[in-house]
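K.L.:
One structure, as structure tokens, below. Some questions next.
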Amino acid sequence: MSKQFQFKLVLLGESAVGKSSLVLRFVKDQFDDYRESTIGAAFLTQTVTLSDQTTVKFEIWDTAGQERYKSLAPMYYRNANCAVVVYDITQSASLEKARTWIRELQRQADPSIVIALCGNKLDLSARRQVTQEEAKKYADEEGLMWTETSAKTGEGVTEIFTAIAQKLPLTAPGATRAGAGRTGGPSARAGVDLNKQSTTPGQPDACNC
Amino acid sequence: MPAISLVSDLLRSPDVAKVVLEATLVTASETSQDLQNRRVLAVISHKDDWDLTEEGSLFVCKYKNHVNGQLDELDIQRVFPIYGEFSVVISQMRRGTVDLRPTMSSKSVLEQPRAVITLSITPSEGLSNDVQPPTFFTYDVQGLKSLVAECKRMKEVSDVEANAVINLAQSTTHFSWLKPYFAKHTTITTLASTSQDLREINRPSLERLSPACAGQTGDDHADAQAIRDEWVRVKARDLSRNGRRRLTMRLGTFNVNGKMPSQDLSAWVQASVNATSRSQPNTVTPALPPLKKISPLSLGNAVQNPFNWLSGRSKSTPKANITQPEDPILRVDPTDPDDPDLLVFGFQELDLSTEALIYSTGTAREDAWCLAIFAALGEKAVKYEKLVSRQLMGMLIVIIVKKCLKDCFGNIRTSVAGAGILGVMGNKGGTAIRLSFTPPAHNSGGSSKSPWGPTSLTFVNAHLAAFDEMVDKRNSDFQDLSKRLLFEGIPARSSSPAPESESVDDSMTSDVPPTPSLGLTPSLSVYETDALFWLGDLNYRVDVSDADMRKILRDDDWDNAQKLEALLRFDQLKKAMRSKKAFFGFQESPITHFPTYRFSPGLMMDKFGYDYKRKPAWTDRILYMNSPGCRVNQLAYTGHPQIMMSDHRPVSADFSVDVDLFDPNALYTNVRNLFNDVERLDGESTHEKGGLRVVDTYVDFEKVLYGVPVERKVTVKNLSKGPCAFRFVPVQLDSPIHPEWLQIHPKTGILLPDEVVEISMVAYVDNAIASILNLRPKDLSGTLILHTILGKDHFISVSGEYQYTCFANKLSHLNRLRGPVREMESPNDLLPEIRSTNAPAELMRLLDWIMTNKIIPDDLFLAPGNDTVIQRIQECLDTGDDFPYNARTPASDEQIPRSFAVTLVRFLDSLLDSIMPAHLHLRCLEMTNRDEAFELLNELPPSAINVWITVTSFLHFICKSSKKENQAERVATVFAPIFMRDDPHSLIPPISPKAKSKFLLYFMG
Ligand SMILES: Nc1nc2c(ncn2[C@@H]2O[C@H](COP(=O)(O)OP(=O)(O)OP(=O)(O)O)[C@@H](O)[C@H]2O)c(=O)[nH]1
Ligand SMILES: [Mg+2]
């Protein structure tokens, strides 16, 4: 029988970098040219199946990027197993913002959290302000996964979520879905016993998918 | 659409419909074969995941009512698991026995068959003796044959052991797949019944939901159901109500101490329900101290619920808004509105003999007391008759009703529970009666059957553990009785079914929705009712010393209302209610009578007749609890000291109960239709459906002023194709959902597709909130989180700038202000300590204006001012602006100086410092002259001394210039409770208001 795992994933990043668009692409394979800025937080789920038939269910929290709601972000990334910090490759300021988020996660979030840095809007590479070298170098230094995506074309989107699923410690004893009965919102602690996992956080392991 | 696909629409995968048959329910009454009786019978097969086992069930489905007559949806009416004794019996219908008018459709007229065959279904668990199996007839002989064959096959594949009976509601193995099919019907039946637990129903809606906060959704599925059920219940009730009728009753409790009646009981027994005043034959005249009229406390009361205040909506406690002027409520017995419709008397210690503890001692005593009651009714006695009584040892409860209403009462059930030694034997416990009241038909000529549904009333008569120190035992006795006083289930299909617990979907007993439990309706607790009245010798005492108790009761320095108020703060029952240890959620009217215990007929008694050996107490009480739909209003609550045959005095209470006129069939239909609207609330996540849209995500209250409510509306729309539910959640689990200065309504709700709701948000700062905000930065911004059940969190930013005020502030702050309080940048923006002034500038401005003013009305401080003027004065104090009222050119309007006076009182009353701390009050009593009194002031902090001296010498001046006599005494009664505030947490009773005035007069006089 195949194994099942469940993880809590949070998306962070400046407003308008494309967090909601990435989730929409990943969950529904759709794209919207005119998306409204998120004023709140949305909870969605999506499952990925790995090559070894293991299924990983993500409980995704898409957060609000606007500065005004920054103080609420910790409520949504607490207990997260993984975070996707998004920047817009056409806006160098958005990478700066991503760095602040990553610093905050490293300080405040669960120490074993898996962080992926994601440069979005790859389809607009003509207007690129953030070079791949710069971003990758930063990611390597900080031990983050890194990739570039386009929510518009779909390029790299499934891949980054799959890469995260692979990176998450699936062998940890607590990782299987606890009570299959409850299908409501995310449980406070999605599943992984973070103390018992073997991979140490901060280990450089960038994925270039 | 063919019936088979309609049935398939109802099924969950992997279930399939094997055979489908159209048939008509045979009803006992001679009704035509209208749509109401058309049914679709279907044999459903369920296989497990591995296709190893199969189970079958026969579904009875009914067409949903559609206005346009289209039959495109079915409801499952009943499910019969196929095993055991299940059988379908077929017989040929004899001509002449059935009305063959085929009215279904013109098509079926043409195809009118020759043969009409009936089929009767015997359920698997068998039939009880007096129940007819549901019977249908059909023309479709071929279909019937296949149905029977399939049922037979299903019975063969069933592996339920012989003689076993499966409880569908509880089974986790056999037929557990059927649960979702009948769950809906059970829910609808429950929602349409009136037996909801009052404790649950009266809890604020948010408290009934699962704990949740930002990023941590609770149990959304359970919450969806809770919100849905409440929405359906309230809405259906509102839709089904055809007005209300008022039932009146007198309740009484009397611990008779084993005595036989020897005195006229009419004071206790007879009530005039039109009596508006509470102070009946009582020695107590409730008098409010003059302060209440003008103090900020009364301001607080007026706007306690800003929603009521702003919109005139009545949504607070059902008790508060009992009289709706717009719809005068008719009495259930309009011919005789002066006398109560129902009399309920609880006795304790009816019989103190030892035999009475062990076995029932006959009804001699009960008869004697009932005789005394009827004697006390005098000429009215002929109108009444005893309906029911129940006795347990010394506890007896008797219900007497007006003869003309007797038929309105039904479903009478009684219960007893002992709470004494071993919980069974002893002299403590309770007896209870539950009955339903069905309002008589309009223009009732007497015999016509009432079209209305019943309202259930429950009465408990209890006798709890005695002695001062046994308060924990009393609390646990109460909890114990709450659990153990149960009204046993009655047979679900007895000849007189409980109308409120039976479904009225079909008047046919043979076609009721499935009852998952067999045989009996569940037993009911005393809380599963529309209104509960709990009376008795509850034995709660007063936690003050015996000496204090007697001294205050007899002390002429208090008026009676003040005495009772001061002492009742220490009442153990009130304390138990506050700490939720007992009687939580019950209401009790204010007590305006003296303690009812203990009186001694001999010599050993004090001036009031209270026994020297027992501290007087309010042991005999009457409390109640009601559902929001059943409005209860208490008209009187009285002790009867003139009835002296026992060591207790009897207590009575008059109530009016407004019962709904509702058609039970309409209620059931409304519940079902509303439920269908919101059924899929907890279905797929609302992301799929679009969800809610919060139109206003930013709400600015701008300047938030003390005492001035500001309302903003937030519009929320439902953009999805299905219903959406929402609830507010806090940022953290243990934090409130909104800041204290803000109130939100509603906090939970449901929106149907395209529905728009306005959420009202009111910023309001009273003294309590100002005392917090005055010490905080003035920026009020924050975020509210509106959580869509199974969907998004929406953020609503609220902002505002708090305007600091001198009200509800600290002397130490006010004395160190750089300028007007409004100009403070932050609460720490103060002068250094050494530069602090002697008294607040605001206080001096008020005194100054009144002193300069040429007219000093005689009722200054004693009469209310004008609210607009007061508000303007307050604002000028805070801003430092000049008062727009010139003191030197006296206006003819005396309202202005009065308003200044009121503002002064409010200012002093709102100060966070207590000028003369409560722990010094007893010393104040000892002072015998002016010099000693001044001496005592040295114990106060310097800032308090300054305020004391400044204000008292000002009052001295004002009162001296009054032409009236005793002006100082009168004004002192206003200022004494402000300068000498009681400590609400103190364990000793306060000193008397007169003593406070006396002390104050050393300075003012
Ligand atoms: N060309 C292009 N546009 C994109 C891409 N991803 C998002 N956008 C657009 O960028 C805008 C913002 O996208 P959102 O997904 O709403 O951004 P967000 O990060 O969720 O923003 P907030 O909710 O305010 O935090 C939208 O107009 C999207 O259509 C992309 O990969 N390529
Ligand atoms: Mg977004």
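The values are calculated or read from the model by the stated rules, or taken from the named source; none is laboratory data. Keep in mind that this is a model prediction, so the values were computed, not measured. Note that we place each Cβ from the backbone using ideal geometry, even for glycine, and neighbour counts take in every protein chain shown. The protein model used for the area step is the full one, side chains on, heavy atoms only, and it has no ligands, DNA or RNA in it. Shrake-Rupley method; radii C 1.70, N 1.55, O 1.52, S 1.80 Å.
K.L.:
At 1.4 Å probe radius, can you tell me the per residue accessible area of the range B:837-1004 in Å²? Before the final figure, lay out the partial values.
P.N.:
Working: 7670 Å² over 168 residues.
Computed with neighbouring chains in place, this is 46 Å² per residue.
K.L.:
Please report Rg over Rh for the range B:883-967, where both radii come from the alpha carbon positions and Rh follows the Kirkwood definition. The partial results should precede the final answer.
P.N.:
Values: Rg = 16.1 Å, Rh = 15.4 Å.
Rounded to two decimals, Rg/Rh equals 1.04.
K.L.:
Over all pairs of distinct alpha carbons, what does the Kirkwood formula give as the hydrodynamic radius of the range A:90-168, in Å? Spell out each step's value before the answer.
P.N.:
Numbers: mean 1/r = 0.0757 Å⁻¹.
Kirkwood hydrodynamic radius for the range A:90-168: 13.2 Å.
K.L.:
Percent of accessible area on the range A:13-117 owned by carbon and sulfur, 1.4 Å probe? Don't skip to the end; give the middle numbers.
P.N.:
Details: 1780 of 4100 Å².
Roughly 43 percent of what the probe reaches on the range A:13-117 is carbon or sulfur.
K.L.:
Short version: which residues of the range B:782-802 lose at least 20 Å² of accessible area, all chains versus chain alone, 1.4 Å probe?
P.N.:
The answer is B:Thr783, B:Lys792, B:Asp793, B:Phe795, B:Ser797.
K.L.:
Can you give the mean number of other chain Cβ atoms that lie within 10 Å of the Cβ atoms in peptide B:221-230?
P.N.:
Working: counts 4, 2, 2, 1, 0, 0, 0, 0, 0, 0.
Average neighbour count from other chains, rounded to a whole number: 1.
K.L.:
Here's a follow-up. Scan around B:Gly215 for amide H atoms under 5 Å from its own, H built in the peptide plane at 1.01 Å from N, and keep only partners 5 or more places away or cross-chain.
P.N.:
none
K.L.:
Would you compute, for the Cα atoms of the range A:18-67, the largest minus smallest coordinate along each principal axis and list the three values in descending order, in whole Å?
P.N.:
40, 21, 13
K.L.:
Taking B:Lys994 as the anchor, which aspartates and glutamates have their alpha carbon closer than 12 Å to its alpha carbon, excluding any fewer than eight residues away along the same chain?
P.N.:
Answer for B:Lys994, where 12 Å is the Cα cut-off: B:Asp555, B:Asp556, B:Asp557, B:Asp559, B:Glu969, listed by chain and number.
K.L.:
Quick check for you: with a 1.4 Å probe and neighbouring chains kept, what is the accessible area per residue of the range A:1-102, in Å²? Write down the numbers at each step before the final one.
P.N.:
Numbers: 3920 Å² over 102 residues.
In whole numbers, the range A:1-102 has 38 Å² accessible per residue.
K.L.:
For the range B:684-803, what % of the accessible area comes from carbon and sulfur atoms, probe 1.4 Å?
P.N.:
Working: 2190 of 4450 Å².
Its accessible area is 49 percent carbon and sulfur atoms.
K.L.:
Of B:Lys747/B:Lys792; B:Lys717/B:Lys792; B:Lys380/B:Lys449; B:Lys563/B:Lys996; B:Lys235/B:Lys713; A:Lys8/B:Lys792, which ones are farther than 18 Å apart at the Cα? Don't skip to the answer; put the middle values down first.
P.N.:
Working: B:Lys747/B:Lys792 16 Å; B:Lys717/B:Lys792 14 Å; B:Lys380/B:Lys449 27 Å; B:Lys563/B:Lys996 14 Å; B:Lys235/B:Lys713 23 Å; A:Lys8/B:Lys792 16 Å.
Among B:Lys747/B:Lys792; B:Lys717/B:Lys792; B:Lys380/B:Lys449; B:Lys563/B:Lys996; B:Lys235/B:Lys713; A:Lys8/B:Lys792, the Cα-Cα distance tops 18 Å for B:Lys380/B:Lys449; B:Lys235/B:Lys713.
K.L.:
Now, a different point. Starting from 0 in steps of 5 Å, tell me what percent of the Cα-Cα pairs of the range B:835-907 lands in each bin.
P.N.:
Pair shares across the bins are 3, 17, 30, 28, 14, 5, 2, 1, 0.
K.L.:
Could you state the principal axis extents of the C-alpha atoms in the range B:547-657, from the largest down, to the nearest angstrom?
P.N.:
Rounded to whole Å, the extents work out to 51, 29, 26 Å.
K.L.:
A further question on this structure: Could you calculate the contour length gain from B:Leu330 to B:Lys580, that is, 0.36 nm times the residue separation minus the distance between their Cα atoms, to one decimal place in nm?
P.N.:
Values: separation 250, 0.36 × 250 = 90.00 nm, distance 3.66 nm.
Length difference between fully extended and current span is 86.3 nm.
K.L.:
So what are the three principal axis dimensions of the range B:684-803 from its Cα atoms, in whole Å, longest to shortest?
P.N.:
Here the Cα extents, ordered largest to smallest, are 47, 26, 18 Å.
K.L.:
Sticking with this one: Under 5 Å between amide H atoms, partner at least 5 residues away or on a different chain: which partners does B:Lys428 have, H built in plane at 1.01 Å?
P.N.:
Those lying under 5 Å, H to H, from B:Lys428 are B:Ala419, B:Gly420, B:Ile421.
K.L.:
Checking an interface number: how much accessible area is buried between B and A, summed over both chains, with a 1.4 Å probe, in Å² rounded to 100?
P.N.:
On the way: alone 44250 and 10320 Å², together 52660 Å².
In total, chains B and A hide about 1900 Å² from solvent.
K.L.:
What are the residues whose amide H is under 5 Å from the amide H of B:Ala636, where those residues sit 5 or more places off or on another chain and H is modelled from the backbone?
P.N.:
B:Asp654
K.L.:
When DSSP beta bridges are limited to those with both residues in the range A:4-183, what percentage is antiparallel, rounded to the nearest 5?
P.N.:
Numbers: 9 of 33 bridges.
The antiparallel proportion sits near 25 percent.
K.L.:
Quick one: work out Rg over Rh on the C-alpha atoms of the range A:4-183, Rh as Kirkwood radius.
P.N.:
Values: Rg = 15.5 Å, Rh = 16.4 Å.
A ratio of 0.94.
K.L.:
Using a basic spin-label model with each label point 7 Å from the Cα along Cα→Cβ, how many nm lie between A:Thr100 and A:Asp52?
P.N.:
In this crude label model, A:Thr100 to A:Asp52 measures out at 4.1 nm.
K.L.:
For the range A:51-94, which residues drop by 20 square angstrom or more in accessible area between the chain on its own and all protein chains together (1.4 Å probe)?
P.N.:
When all protein chains are present, A:Trp61, A:Arg68, A:Tyr69, A:Leu72, A:Met75, A:Tyr76, A:Arg78 each give up 20 Å² or more of accessible surface.
K.L.:
Something else about it: Give the lysines whose C-alpha is closer than 19 Å to that of B:Lys580, dropping any in the same chain fewer than 8 places away, or say none.
P.N.:
Cross-link targets: B:Lys473, B:Lys483.
K.L.:
Hull surface divided by four, with the convex hull built on the Cα atoms of the range B:837-1004: how many nm²? All intermediate terms of the calculation are to be shown ahead of the outcome.
P.N.:
Values: hull surface 40.5 nm².
For the Cα atoms of the range B:837-1004, the hull's average projected area reads 10.1 nm².
K.L.:
GluC sites (Glu not before Pro), restricted to the range A:12-70: which are DSSP loop and have at most 14 other Cβ atoms within 10 Å?
P.N.:
Details: sites: A:Glu14, A:Glu36, A:Glu59, A:Glu67; in loops: A:Glu14, A:Glu36.
In loop regions of the range A:12-70 (DSSP not H, G, I, E or B), the sparsely surrounded GluC sites (Glu not before Pro) are A:Glu36.
K.L.:
Within 14 Å, Cβ to Cβ, of B:Asp480, how many net charges do the neighbouring residues add up to if Lys/Arg are +1 and Asp/Glu are -1?
P.N.:
Working: positive: B:Lys428, B:Lys473, B:Arg474, B:Lys483, B:Arg484, B:Lys581; negative: B:Asp472, B:Asp477.
For residues surrounding B:Asp480, the net value is +4.
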